[in-house]
Amino acid sequence: MENSKSLQLNQQLCFPLYAIAKEITGLYRPFLDELDITYSQYLVLMVLWEQDGQTVNQIGEKLYLDSGTLTPLLKRLENKKFISRKRKKEDERVVEIFLDEAGKQLKTKACEIPSKIQEKLNLSQNELIELKTDIQKILNRILP
């Protein structure tokens, strides 16, 4: 018989990663509700706050999302007047995303979120850096 112990939930790497991702995302919810955005929308806005005027493909690459997932998300952000989508003049197949004034102003309110999350997790700055480093190491091995 195969080693059935390897199929126990407590033996899996995927389950604690799944559970912690779900729980941490949930910690963001009350703060993001105040801004009237979802966690996915927050991720898109962070990418644009870092560098405005990116293409849908560039944003998708950074967030590991395909355009089928990203497009409805961008439409909702556009409906809320946080972003504008513009087709590139040189190549109309390419859509660039720009922050609107409301999206730029949202950044000031969102700046408090990382420290609030760190406080809820009760992690020191060093623990947080170490955790992110370890997770990024695994992610780099998985992704091309």
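The values are calculated or read from the model by the stated rules, or taken from the named source; none is laboratory data. Quick caveat: nothing in here was measured; it's all calculated off a predicted structure. Counting neighbours? That spans all protein chains shown, and the Cβs are built from the backbone with ideal geometry, glycine included.
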Could you give me the residue pairs with C-beta distances under 7 Å whose first residue belongs to region 72-86 and is under 13 Å from residue 102 (Cβ atoms), whose second residue is modelled with pLDDT of 95 or more and small (Gly, Ala, Ser) wherever it lies, and which are 6+ apart or on separate chains? 78/84; 81/102; 82/102; 82/103; 83/103
Just one of (1) exposed (fewer than 10 other Cβ atoms within 10 Å of the Cβ); (2) over 25 Å from residue 24 (Cβ atoms); (3) under 17 Å from the mean Cα position of the chain (by Cα); (4) of a type outside the set (Ser, Thr, Tyr) trips up residue 56, so point out which. (1)
When you go through (1) surrounded by fewer than 11 Cβ atoms within 10 Å (Cβ to Cβ); (2) over 30 Å from residue 14 (Cβ atoms) one by one for residue 125, which number turns out not to apply? (2)
Looking only at region 65-109, which residues are under 19 Å from the mean Cα position of the chain (by Cα), under 17 Å from residue 38 (Cα atoms) and in a loop (DSSP other than H, G, I, E, B)? 65, 80, 82
